[in-house]
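Below is one structure, written out as structure tokens; comments come after it.
The values are calculated or read from the model by the stated rules, or taken from the named source; none is laboratory data. None of the values given here were measured: they were computed from a predicted structure. Using ideal geometry, Cβ is built from the backbone for each residue, glycine included, and neighbour counts are taken over all protein chains shown. Please note that ligands, DNA and RNA were not included when accessible areas were found on the heavy atoms of the full protein model with its side chains. Shrake-Rupley method; radii C 1.70, N 1.55, O 1.52, S 1.80 Å.
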Amino acid sequence: IAAYSANQIKIQAEDQRIPLMGVTGSFVFAAQMINFTIPATGSSGHLAGGLLLAVLLGPHAAFLTMAAVLLIQALFFGDGGLLAYGCNVINLGFFPSFVAYPLIYQRWTRRGLDAKTLFQATLLACVLSLQLGSAGVVLETLISGRTQLPFAAFFLVMQPIHLAIGLVEGLVTAAVLRFLWEARPELLDSAHQEQPGSKRSYRKVAAGFLVTALLLGGLFSWYASEHPDGLEWSIQRITGETELSEPGGEIHGTAAWIQSFTAILPDYQIPKDASGGGQDGTGLAGILGGIMTLALVTVIGLLIRLAKGKAKRISRKSRSESKDA
């Protein structure tokens with residue numbers, strides 16, 4: 001899917017839109033650090049950000065950006081196991097970009113955008129994304145054959161709590177998109193109606209996302225809810241614990257070793273020193289993670305741009321040789 005997406009961006013995307021991938025990726029990284037409490041449940045949730053990326057970047061760039069966000073989280077912060085990386089990319093990247101976005105958001109807004117349509121399309125698409133993602137977790141856990149959770153019980157606990165999280169994400173995403181639509185309406189309109197010849201500049205929008213990402217990751221992440229997230233809460237309801245026992249095995253051990261080696265701030269904490277003391281590194285992790293995401297996604301964008309330029313040169317050369325012949 002990543003290779004297909006890269007190829008489609010190489011063919012379709014505006015060069016001016018590529019820098020947005022980096023800053024929106026940083027924004028999503030920071031936003032995912034801020035858990036909000038789900039009232040009357042003892043659970044919390046965080047923004048996934050997949051639909052926001054799809055609306056602003058288009059589905060292909062959104063998928064690659066989300067894949068980069070999740071890779072930074074797993075490698076450098078130990079957030080999400082490496083063996084679960086592919087599942088996470090499907091649940092948080094594929095479902096919003098290639099299912100909820102085209103089937104709900106694009107169809108709902110195909111006759112034009114207004115405040116009501118934007119709100120409805122965003123809310124429904126976010127809810128669908130979260131429902132599909134949570135169902136994906138249950139099915140992937142079942143298929144793995146390494147689960148301690150009864151399928152039916154797990155499914156019936158996961159869906160309602162992620163419905164609540166999806167509603168909150170829908171409201172927040174709709175508010176962000178409404179603000180951007182009023183400030184720069186062409187940003188939303190052109191995301192799903194590619195205009196390769198466009199020379200629009202999104203520098204101010206990109207700068208706004210970057211500043212917001214640094215504020216979210218460096219400051220507001222300190223105030224995230226301490227309640228277990230939707231997945232941990234669901235596991236706790238069934239087993240009494242927020243995490244399952246380690247599966248063990250050589251492959252799992254190797255993946256865990258790689259993460260222990262690469263994670264500079266595991267669980268967004270500053271590692272303990274020789275005396276056994278440690279410090280909360282949430283703010284530092286938010287800033288570093290945002291910068292790392294920006295760097296990785298920018299590299300991806302530059303590689304795509306280089307490939308795009310090379311393809312154009314080859315095409316022009318081929319046409320020239322054909323005319324000569």
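Values as computed for the structure displayed
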| quantity | calculated |
| --- | --- |
| Under 30 Å between alpha carbons - lysine pairs in the chain that sit 8 or more apart or on different chains | 20 |
| Shape category assigned to the range 56-99 from the gyration tensor of Cα positions, a/c cut at 1.5 | oblate |
| Ranked by how many other beta carbons lie within 10 Å on average, peptides 213-222, 179-188 from highest | 213-222, 179-188 |
| Shape of the range 88-174, Cα gyration tensor, a/c cut at 1.5 | prolate |
| Span-like helix ranges in the chain, DSSP H, alpha carbon extent 30 angstrom or more, Kyte mean at least 0.5 | 115-144, 151-183 |
| For Cα Rg over 2.2 N^0.38 Å, calculated from these coordinates, the label among (1) 1.04; (2) 1.10; (3) 0.99 | (1) |
| Rounded percent of accessible protein surface that carbon and sulfur make up, the chain, 1.4 Å probe | 63 percent |
| The chain, helix-only ellipticity at 222 nm - DSSP H runs n ≥ 4, -39,500 (n - 2.57), divided by all residues, nearest 500 | -21500 deg cm²/dmol |
| Surface accessible to a 1.4 Å probe, per residue, for the residues of the range 18-67, Å² | 19 Å² |
